[in-house]
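Beneath this line is the structure, given in structure tokens, with notes to follow.
The values are calculated or read from the model by the stated rules, or taken from the named source; none is laboratory data. Keep in mind that what you see is a predicted model, and the values were worked out from it rather than measured. Every residue, glycine as well, gets a Cβ built from its backbone with ideal geometry; the counts of neighbours run over all protein chains shown. For accessibility, only protein heavy atoms count, side chains too; no ligands or nucleic acids. Shrake-Rupley method; radii C 1.70, N 1.55, O 1.52, S 1.80 Å.
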Amino acid sequence: MLQTARNMLDSVRVRLTVWYSAVLAVVLVLVSATTYLIVRKTSMQRTDADLEVLSDSFLVTFQDELSDTPSTQAAAVLSAARQAMVEHRSSSDALVILGPGGEIVATSSETVSSGETSYSSLARALASSEFHRFAKTGQSKEVNLETIRGGHSRVRAYSRQFTANGQNYLLIILHSLHGQNEVLETIQVTFTWMILVGLLLAGTGGYFLARKSLAPVVAMGEHARRIGANNLHDRLPVLNANDELGQLATTFNDLLDRLDQSFERQRRFVADASHELRTPLAILRGESEVAMSQQGRTAEDYLESLGILHEETSRLIKIVEDLFTLTRADSGQYLLSPEEVYLEEIVAECAHSARTLAREKNIELSVDASSECLVQGDQALLRRMILNLLDNAIKYTAKGGRVEIACRTATAGFEIHVTDTGPGIAVELQGRIFERFFRADPARSRSAREGGAGLGLSIALWIAQAHNGRVELLRSDATGSHFAVFLPAPVVAAARAD
């Protein structure tokens, strides 16, 4: 039973209904209790005021009757009291006059039928010990008001001292609260039923309202469960983009967009990596099979095959190293080693290392690194970034062309510019040149051995961003391409590459 209740409370609809009903119950109980107390207090105040008016009227009548009675003192008081009680008789009130010694002089018992419900409670109150206590207390107070019990009913008792023929008397009026109690009990029953019916209606209505309000959430949950890796293009329906549920669906759809793009990049990355690795592996396999299948090959033939194997192995190792670098960068596991370095010296060293590649293609490589550029960065990564840009420029520049690299200071930091006289990149492809494994084809592609894997610019961009900088393609047309690296000064390299 307890487990079933816990399972029910797991539902948001049930919890909302329970909380709403609980708050409503507290409000209804407080309003009902406050109303009941106000009605009871007001009714009691009105009763006290009526008793005071009754006592005033009775004493006025009593004094008039006493003045018209020529009897002796005791007989006159008794006669006047009875006449006044007759004129003020009521089934809900009992009047008693006590003499100077506390004895009962007169009561209104003869004027009211003893079978009436209100009077029966008054009669029991007259015979109770609480009445005698009240009478004794009243003799010491000019006016006294209390509630005493008359059997199972409550009676409001009022006492007032007065003087007649030179003697002190005590007037006691007992007012039955039977009618008032019936009214209060009716109010209690009415409020109880109102609370129960109100809670039932509110709970039922609140549950269906919560169910209707949360129905889109349930639908979104069911729709989201059907979305997997094979159908990431599906999106949640947005009924109203301005309400909270619409904003939730929009946010979830944005998340699905990012996941879809991430999965697409991952699939493309795996496919491109497989394609790039397959080519050198196929060459390795082919050369090794040729070398093993031919029996009469000379030493020169074997050396040629070994040279091809060595070249493809080196290319394969570079691709794997680039992939490993990007994988570590994506996971945030590539630690930078920042230090103070002179950027112009790194540019000059990289240009010196690239001259061999430029000389093989009869490409003129010019360097302008005269400005002093002291930066805080990872020397190995900055060197790799510059070499990637130079290698890219030389690789896609025709024989006899020209490549220039310059390092200079700027207003916001330092700039490295690499220009070439290659065929340029088509306008529609320029926005994708920093994507992994992307090679502008056919304008900037070569044979499998000469062309790279399309990772150099991606790595260069990551290195620049790790140093709070950026790499941009400023120009690319038929006259060549112009790449620029912007590094802020001073550069505070991130402790861990993002």
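Values for this structure:
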read-out: Single residue of the stretch 86-111 satisfying the filter (β-branched (Val, Ile, Thr) and assigned to a helix (DSSP H, G or I)) that is modelled with the highest pLDDT; value: Val86
read-out: Which listed residue, of Leu199, Leu184, Leu177, is in contact with a Ser or Thr (Cβ under 6 Å, 6 or more places away or on another chain), open to solvent by less than 70 Å² (accessible area, probe 1.4 Å) and in contact (Cβ under 8 Å) with a residue 40 or more places away in the chain; value: Leu199
read-out: Condition check for Leu30: outside any loop (DSSP other than H, G, I, E, B) and open to solvent by 90 Å² or more (accessible area, probe 1.4 Å); value: yes
read-out: Positions within the stretch 407-424 being part of a strand (DSSP E or B) and either in contact with a Ser or Thr (Cβ under 6 Å, 6 or more places away or on another chain) or open to solvent by less than 10 Å² (accessible area, probe 1.4 Å) (or both), in sequence order; value: Cys407, Arg408, Thr409, Gly413, Ile416, Val418, Asp420
read-out: Pair list, Cβ under 9 Å, 6 or more apart: the stretch 333-344 residue charged (D, E, K, R), other residue part of a loop (DSSP other than H, G, I, E, B); value: Glu339/Asp378; Glu344/Ala369; Glu344/Ser370; Glu344/Ser371; Glu344/Glu372; Glu344/Cys373
read-out: Candidate set: the stretch 369-399, residues that are in a loop (DSSP other than H, G, I, E, B) and out of contact with any strand residue (DSSP E or B) (no Cβ under 8 Å at 6 or more places or on another chain); chosen: the one surrounded by the most Cβ atoms within 10 Å (Cβ to Cβ); value: Ala398
read-out: Residue check for Leu277: modelled with pLDDT of 80 or more, surrounded by 14 or more Cβ atoms within 10 Å (Cβ to Cβ) and out of contact with any Cys (no Cβ under 6 Å at 6 or more places or on another chain); value: no
read-out: Residue that is least open to solvent (accessible area, probe 1.4 Å), among those in the stretch 298-317 that are among the β-branched types (Val, Ile, Thr) and touching a residue at least 12 places away in the same chain (Cβ under 8 Å); value: Ile308
read-out: In the stretch 351-362, residue farthest from Leu474 (Cα to Cα) [restricted to those that are open to solvent by less than 20 Å² (accessible area, probe 1.4 Å) and in contact with a strand residue (DSSP E or B) (Cβ under 6 Å, 6 or more places away or on another chain)]; value: Ala358
read-out: Output for the stretch 434-459, where each listed residue is touching a Leu at 6+ places or on another chain (Cβ under 6 Å) and either at pLDDT 80 or above or part of a strand (DSSP E or B) (or both); value: Phe434
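So that you can scan it fast, the table gives a plain yes or no per residue for (1) open to solvent by 50 Å² or more (accessible area, probe 1.4 Å); (2) of a type in the set (Val, Ile, Thr); (3) at pLDDT 80 or above; (4) in a helix (DSSP H, G or I):
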site: Leu51; (1), (2), (3), (4): no, no, yes, yes
site: Ala74; (1), (2), (3), (4): yes, no, no, yes
site: Ala80; (1), (2), (3), (4): no, no, yes, yes
site: Ala84; (1), (2), (3), (4): no, no, yes, yes
site: Ser113; (1), (2), (3), (4): yes, no, no, no
site: Ala123; (1), (2), (3), (4): no, no, no, yes
